[in-house]
Amino acid sequence: MFGGIHLVRPDTHIDFMRIHKPFMILSIVMVLASIALIGFKGLNYGIDFRGGILMEVRTGGPADLAGMRGKLSELGLGEVYLQQFGSPQDVLIRLREQEGGEAAQGAAVQKVKDTLGSSVEYRRTEVVGPKVGSELIWTAVYATLLAMAGIGAYIWFRYEWQFGFNAILATFHDVITTVGLFSLLGLQFDLASVAAVLTIAGYSVNDKVVVYDRIREELRRYRKLPVSDIINQSINKTLARTTVTGGLTLLSVLAIALFGGEALRGFAIALSWGIVIGTYSTSFVAAPMLIYMHLHGIRSKAAAQAAGQTADRAAVAAKPK
């Protein structure tokens with residue numbers, strides 16, 4: 001609520017449980033499509049993973065990308081990628097790895113400098129070998145899997161196994177569809193993209209924990225209300241928080257996508273998608289899926305704990321003063 005205006009009305013009651021099956025089917029299709037895209041089309045790996053040469057240069061005035069590309073293409077260094085980012089003077093130059101080891105990479109860098117001349121400021125030069133790139137790919141995979149496992153373990157410990165298992169599935173849904181988006185759009189996938197994926201995983205589970213907390217609280221409060229009604233009620237009660245948090249975060253990331261330049265565009269697009277898909281999956285996938293996770297056991301456990309606490313209080317009250 002801002003200035004007396006409710007972004008989501010307090011009396012909102014959307015029957016998420018009645019409509020959750022079509023959305024679950026949609027999510028399954030998106031996950032399978034993402035896996036197929038990654039498997040058959042692959043990812044557009046950046047220098048970090050593929051290996052090669054990256055040079056960041058600044059020209060004296062607005063960069064003439066066509067002219068620079070024409071000059072560098074004549075050097076026999078293979079395909080040359082030029083990308084403007086930030087100001088009109090800033091250019092990223094990418095070259096594939098040259099045959100001949102480290103000496104060949106150094107010679108290629110020197111050729112570029114000799115061709116562009118001293119009027120260009122060379123702000124950064126990086127050379128990444130294919131072995132290092134391959135190691136970084138696997139390190140990124142391990143980091144993502146460990147993050148998801150850690151998230152699941154925390155929720156398992158903090159709540160019950162049903163919530164932890166469901167959180168892992170929902171986080172996988174958000175992460176794999178984000179990577180699938182990279183493959184579909186041909187966005188460059190580099191270490192910044194991995195950071196975006198891990199950020200999405202953390203944001204996604206934070207969103208879901210709010211709803212899970214409310215569901216567990218309602219399960220203990222209403223012991224005879226059907227589980228489906230409790231899930232519905234919990235999603236609706238946290239809908240304002242989910243929508244406002246997602247919407248405001250999205251506005252910030254969209255600003256980066258629009259004005260942050262090419263260097264941050266892939267990162268920002270991934271985060272934008274992750275926020276949207278994470279908010280969607282919280283209300284339409286992650287919470288409704290709990291209906292299949294045998295939450296009756298949690299309710300029975302809560303009832304037993306409550307009965308024990310009542311008996312303890314009665315025993316304390318019965319003690320002679």
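What is the Cα centroid distance between region 45-105 and region 109-168, reported in whole angstrom? When both Cα centres are located, 22 Å separates them.
Here r is the Cβ-Cβ distance between ALA153 and GLU121 and R0 is 45 Å; the resulting FRET efficiency, rounded to 0.05, is 0.40. Rounded to the nearest whole angstrom, the semi-axes of the ellipsoid equivalent to region 178-271, taken from the Cα gyration tensor as √(5λ), stand at 35, 14, 10, largest first. Take the Cα of ILE35, go 7 Å toward its beta carbon, and the backbone nitrogen atoms of region 181-195 under 16 Å from that spot belong to 181. Legend: calculated FRET efficiency, GLU135 to LEU248, from the Cβ-Cβ distance at R0 = 45 Å, rounded to 0.05, equals 0.75. A simple spin-label model places pseudo-atoms 7 Å from Cα toward Cβ; at ILE256 and ALA240 they are separated by 2.9 nm. With no solvent and one equal point scatterer per Cα, compute the Debye intensity ratio I(q)/I(0) for region 52-128 at 0.26 Å⁻¹ and report its log10, rounded to two decimals. For region 52-128 at q = 0.26 Å⁻¹, log10 I(q)/I(0) is -1.38. Using the average count of surrounding beta-carbon atoms within 10 Å as a protection proxy, the listed peptides 62-68, 30-36 rank, highest first, as 30-36, 62-68. A straight chain from PHE85 to ALA195 at 0.36 nm per residue would run longer than the Cα-Cα distance by 37.6 nm.
For the peptides 13-22, 195-204, the ranking by packing is 195-204, 13-22, with the highest mean count of neighbouring Cβ atoms within 10 Å listed first.
Peptides 206-213, 171-178 ranked from most to least packed by the mean count of surrounding Cβ atoms within 10 Å: 171-178, 206-213.
Bear in mind these aren't lab numbers, they're just calculated from the coordinates by the rules spelled out. Predicted, not measured: the structure shown is a model, and the values here were computed from it. No Cβ is skipped: glycine too gets one built from the backbone with ideal geometry, and neighbour counts run over all protein chains shown.
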